[in-house]
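Heads up, the thing below is written out as structure tokens.
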Amino acid sequence: MTAPIQIQEQPNGVTRRKFIKGVIAAGAAVSASSYLFRGPEQLFGQGSLPGAVERLMTLTVNGQQRRVDVMKQETLAMTLRYKLGLTGTKLGCDRSECRACTVLIDDVPHYSCSVLTHTVRNKKVVTIEGLESADGKLHPVQQAVVDEQGFQCAFCMSGFMMATVGFLKANPNPTREELAHGISGNLCRCADYNKILNAMMRGAENMRRA
């Protein structure tokens, strides 16, 4: 039977195990002190490092203040979908080509897959979920899509509607050609563009009536 390994005492009475535990405890103490003495915007009187980004931020989304932890390289599409649960914003190409992820930022359509979340800190973001009124009434463009059955698979639907709503804020009474040009960056894999344009034109009419 093998005898148990004995840990020899050092001349000063400190064992190897006690020495290691002391090093760990000292490191924890240093880390804790640096945390406790860190101010909201500075550390021991020094400002944040150049290029540093505060991760915890407040976003204004669909008229509500939302507090969220955001990485500095995180896109708005990722924040909306996976941090705030607003999955109506779709991720298609994820490289600014299909526009399925279109949202309104200060009433202007943007590709949310190519916008860093930190850049919209002081702006108003509206997603497809924010078009519906508080009493549950559909937005005129949303209602037009229902009435015209303007989409086939509807994966691209939210992007088209957000692009149309943004375009109609600048041109509320467009011709069919003008509206087609205004939302031409949005792609439909089902290639159902004629039905989509019919629905968007009806949405424009609904908005003018409203």
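The values are calculated or read from the model by the stated rules, or taken from the named source; none is laboratory data. Nothing here was measured: the structure is a model prediction, and the numbers come from that model. With ideal geometry, Cβ positions are generated from the backbone for all residues, glycine too; neighbour counts draw on all protein chains shown. All accessible areas refer to the heavy atoms of the entire protein, side chains included, with ligands and DNA or RNA removed. Shrake-Rupley method; radii C 1.70, N 1.55, O 1.52, S 1.80 Å.
General remarks:
- Candidates in the range 88-141 are the residues that are of a type in the set (Ser, Thr, Tyr) and over 12 Å from the mean Cα position of the chain (by Cα); of these, the one that is nearest to residue 60 (Cα to Cα) is 133.
- Subset tally (residues that are hydroxyl-bearing (Ser, Thr, Tyr), open to solvent by 60 Å² or more (accessible area, probe 1.4 Å) and either farther than 18 Å from residue 157 by Cα or part of a helix (DSSP H, G or I) (or both)) for the range 72-100: 1
- Being assigned to a strand (DSSP E or B) and touching a Leu at 6+ places or on another chain (Cβ under 8 Å) holds for only one residue in 141, 103, and it is 103.
- Residue check, residue 147 more than 25 Å from residue 171 (Cα to Cα) and either of a type outside the set (A, V, I, L, M) or not in a loop (DSSP other than H, G, I, E, B) (or both): no
- Scanning the range 191-210 for residues being among the hydrophobic types (A, V, I, L, M, F, W, C) and either at pLDDT below 95 or open to solvent by 80 Å² or more (accessible area, probe 1.4 Å) (or both) gives a total of 2.
- If only residues of the range 37-65 that are more than 11 Å from the chain's Cα centre (by Cα), in a strand (DSSP E or B) and of a type outside the set (S, T, N, Q) are counted, the one that is modelled with the lowest pLDDT is 43.
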